[in-house]
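Report on the structure given below.
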Amino acid sequence: MTHKNLKLLNPHQREAVTYKDSPLLIVAGAGSGKTRVLTHRIACLVESGVKPYNILALTFTNKAAGEMRSRVVSLVPGVSYSSFWLGTFHGICLRILKAESKLLGSFKSFIIYDGTDQIALIKECVKNLNLDEKKYKAGIVCEKISRAKDDCINPEEYLD
């Protein structure tokens with residue numbers, strides 16, 4: 001596996017970029033060059049004939065995913081970042097859910113609510129059910145729902 005910019009990498013980074021025996025997990029501290037390694041490895045894989053849609057690169061933050069995308073686009077000319085499975089864990093999982101939504105049966109279209117959306121929905125439910133907003137505080141209700149989900153307690157079990 002060769003890549004024109006390997007000389008820009010230190011020996012450990014170069015080893016990770018050119019490793020080819022199996023999938024690779026890179027765990028390293030902040031500022032150690034993880035994004036550089038990942039993006040150069042992606043460039044090497046594409047140069048060696050791997051199709052971009054067969055490459056999965058995950059990170060935790062939107063900022064890191066954006067940085068990774070822009071570096072990949074600059075290292076792999078002529079290829080759109082959307083050709084890759086490259087992004088945050090949550091973003092890629094959402095992309096998979098949308099791509100495979102037909103397998104979800106009646107859930108052909110769906111929305112994933114963030115924390116603010118969840119609180120607003122709970123407030124709306126409390127209001128529509130004419131419940132006491134002081135007794136059923138949206139933040140507490142949301143937290144209880146989250147705990148029940150973490151404990152795999154379904155609504156019927158929760159009522160008991």
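Tabulated values for the structure
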{"quantity": "Estimated distance in nm for a label pair at Y158 and S109, the labels positioned 7 Å out from Cα along Cα-to-Cβ", "calculated": "2.6 nm"}
{"quantity": "Carbon plus sulfur fraction of accessible area for the chain, probe 1.4 Å, in percent", "calculated": "58 percent"}
{"quantity": "CD proxy at 222 nm, helix term only [per DSSP H run n ≥ 4: -39500 (n - 2.57); per residue of the chain; nearest 500]", "calculated": "-15000 deg cm²/dmol"}
{"quantity": "Net lengthening on full extension, Y53/N5 (0.36 nm per residue, minus Cα-Cα)", "calculated": "15.0 nm"}
{"quantity": "Computed magnitude of the charge dipole of segment 1-131 (debye, nearest 20; Cβ of K, R +1, Cβ of D, E -1)", "calculated": "260 debye"}
{"quantity": "Max mean-square fluctuation residue, GNM over the chain, Cα-Cα springs under 10 Å, options K20, K144, K34", "calculated": "K144"}
{"quantity": "Rounded to the nearest 10 Å², the accessible area of D150 at probe 1.4 Å", "calculated": "120 Å²"}
{"quantity": "Nearest-0.05 FRET efficiency for K98 and C142, computed from C-beta distance (R0 25 Å)", "calculated": "0.50"}
{"quantity": "Length-normalised contact order for segment 1-133 - Cα pairs under 8 Å, 6+ apart - percent", "calculated": "18 percent"}
{"quantity": "Stretch gain in nm, segment T18-V73, where the contour uses 0.36 nm per residue and the Cα spacing is subtracted", "calculated": "17.9 nm"}
{"quantity": "In segment 55-160, lysine pairs closer than 20 Å at Cα, eight or more apart or cross-chain", "calculated": "12"}
{"quantity": "Per residue, in Å², the accessible surface of the chain once ligands and nucleic acids are set aside, probe 1.4 Å", "calculated": "74 Å²"}
{"quantity": "Candidate values [x] 27.4, 96; [y] 22.0, 67; [z] 20.1, 60, label of the one derived for Rg and Dmax of the Cα atoms in Å", "calculated": "[y]"}
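The values are calculated or read from the model by the stated rules, or taken from the named source; none is laboratory data. Bear in mind that the values here come from a model prediction, so they are computed numbers and not experimental data. Neighbour counts are summed over all protein chains in view; Cβ atoms, including those assigned to glycine, are modelled from backbone coordinates with ideal geometry. With ligands, DNA and RNA removed, areas are computed over all heavy atoms of the protein, side chains included. Shrake-Rupley method; radii C 1.70, N 1.55, O 1.52, S 1.80 Å.
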